[in-house]
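The values are calculated or read from the model by the stated rules, or taken from the named source; none is laboratory data. Because the structure is a prediction, the values reported are computed rather than measured. Quick reminder, even Gly has a Cβ in these numbers, built from the backbone with ideal geometry, and neighbours come from all protein chains shown. The area values use the complete protein model at the heavy-atom level, side chains included, leaving out ligands, DNA and RNA. Shrake-Rupley method; radii C 1.70, N 1.55, O 1.52, S 1.80 Å.
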Amino acid sequence: MQTTRVIFLGTSSATPSRERNVSSLAMILDGHVLLFDCGEGTQHQLLRAPVRLGSLDAIFISHLHGDHVYGLPGLLATLSLNGRTAPLPIYGPIGLGAFVEATLTTSYHHPFFDVEVIEEGEHRGDRYSVTNAPLAHSIPVLGYRVTEDDRPGRFDVARARALGVPEGPLFGRLQAGEDVTVDGRVIRASDVVGPSRRGRRIAYCTDTRPCDAAVELAREADLLIHESTYGSELATEAHERFHSTSVEAARVAVASGAQHLVLTHFSTRYTDVTPLVEEARGVFPNTDAAADFACFDVPPPL
């Protein structure tokens, strides 16, 4: 199984700063690229990141605030000019279709590929799925959960040899869960293949107050990506503006049983987010801060 990697393309809230662009991240899932949010300048960030746009499977938009969606029309135009022909599904909240249609129509751009906008829909990819749930923000917003299919159990080569199975096609059939016959004897896949292993689970939750839906999206996730717009000294402002503090994000990680928390979507008032990370680690020790172009590998569960 290849490595799953999350690459942050923009980690600032509302407006860009010298160090951080507005929201976007790419997820490379066994060679498939998924893009989550597409703030202004995302395609410039992609040019500097180790992401192959030719492998882009789908785009997922959390909500229609500009810092999460203003880069989408330009990216679609570039994909078309670069010769993309495969259909591109774009998922998001109600209203996304009208936004995409209006911007492409009024800019007289007609992509050479089908742009398939799916509002509040779920995505089925190659050995993975993406589901969503409404979070708690000032406008409709969706959080997302990426779930890999369970993987086959480990194949016991020594056991298969001991049972007289010759190496070659029969090994592959057993690994695929199929029983085989060798010299008149039935060798069951369960004799040489261990129990299935669950796939990776990654949750993406921004912009939102802490809420039960975020906890459920992140349930037993290998990685939770959660907004951390403010530190705890601005908890009242965070609540009023429908955002989360670093400590609140950490509490979501604890309640969900997540393995790793990465904070993102920082207010531009923080030139150093170390205090926010330290606050969060006081609640959930395995916490890190995202930065533009930071990469986080997500190993498969043991």
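Considering the stretch 34-72 alone, what residues qualify as being over 16 Å from Val100 (Cβ atoms), touching a Ser or Thr at 6+ places or on another chain (Cβ under 9 Å) and at pLDDT 95 or above? Working first, answer last.
In the first step, residues of the stretch 34-72 are kept if they are over 16 Å from Val100 (Cβ atoms); the result is 34, 36, 41, 44-55, 57, 67.
Still in the running and touching a Ser or Thr at 6+ places or on another chain (Cβ under 9 Å): 36, 41, 45-46, 53, 67.
Phe36, Gly41, Gln45, Leu46, Asp67 - these are the residues of the stretch 34-72 that are over 16 Å from Val100 (Cβ atoms), touching a Ser or Thr at 6+ places or on another chain (Cβ under 9 Å) and at pLDDT 95 or above.
Just the residues that are hydroxyl-bearing (Ser, Thr, Tyr) and crowded, with 19+ Cβ neighbours inside 10 Å, please, taken from the stretch 43-83. Quick ask: steps written out before the conclusion?
Taking the stretch 43-83 and keeping what is hydroxyl-bearing (Ser, Thr, Tyr), we get 55, 62, 70, 78, 80.
Residue satisfying the conditions is Ser62 alone.
Kindly list the number of the only condition in (1) out of contact with any Pro (no Cβ under 8 Å at 6 or more places or on another chain); (2) of a type in the set (Gly, Ala, Ser); (3) within 25 Å of Pro134 (Cβ to Cβ) that fails for Ser55.
(3)
For residues that are farther than 27 Å from Arg200 by Cα and without any contact (Cβ under 8 Å) to a residue 40 or more places away in the chain, scanning just the stretch 17-42, find the one that is surrounded by the fewest Cβ atoms within 10 Å (Cβ to Cβ). Lay out the reasoning, then the answer.
We begin by selecting, within the stretch 17-42, every residue farther than 27 Å from Arg200 by Cα; these are 17-21, 40-41.
Then keep just the ones that are without any contact (Cβ under 8 Å) to a residue 40 or more places away in the chain; that gives 18, 40-41.
Values: Arg18: 7, Glu40: 21, Gly41: 17.
In this case the residue turns out to be Arg18.
Against the condition β-branched (Val, Ile, Thr), under 30 Å from Arg159 (Cβ atoms), touching a Ser or Thr at 6+ places or on another chain (Cβ under 8 Å) and open to solvent by less than 50 Å² (accessible area, probe 1.4 Å), how does Ile202 come out, does it pass? Even if it seems obvious, please write down each step before you answer.
Working: β-branched (Val, Ile, Thr): yes; under 30 Å from Arg159 (Cβ atoms): no; touching a Ser or Thr at 6+ places or on another chain (Cβ under 8 Å): yes; open to solvent by less than 50 Å² (accessible area, probe 1.4 Å): yes.
Against the criterion (β-branched (Val, Ile, Thr), under 30 Å from Arg159 (Cβ atoms), touching a Ser or Thr at 6+ places or on another chain (Cβ under 8 Å) and open to solvent by less than 50 Å² (accessible area, probe 1.4 Å)), Ile202 does not qualify.
Filter the stretch 154-209 down to residues that are out of contact with any strand residue (DSSP E or B) (no Cβ under 8 Å at 6 or more places or on another chain) and within 30 Å of Ser244 (Cα to Cα), then give me how many there are.
1
Can you tell me which residue among Ala249, Ala213, Ala238 is modelled with pLDDT of 95 or more, part of a helix (DSSP H, G or I), open to solvent by 20 Å² or more (accessible area, probe 1.4 Å) and small (Gly, Ala, Ser)?
Ala213
Of all the residues that make up the stretch 274-302, how many are part of a loop (DSSP other than H, G, I, E, B), modelled with pLDDT of 95 or more and within 22 Å of the chain's Cα centre (by Cα)?
Matching residues across the stretch 274-302 total 8.
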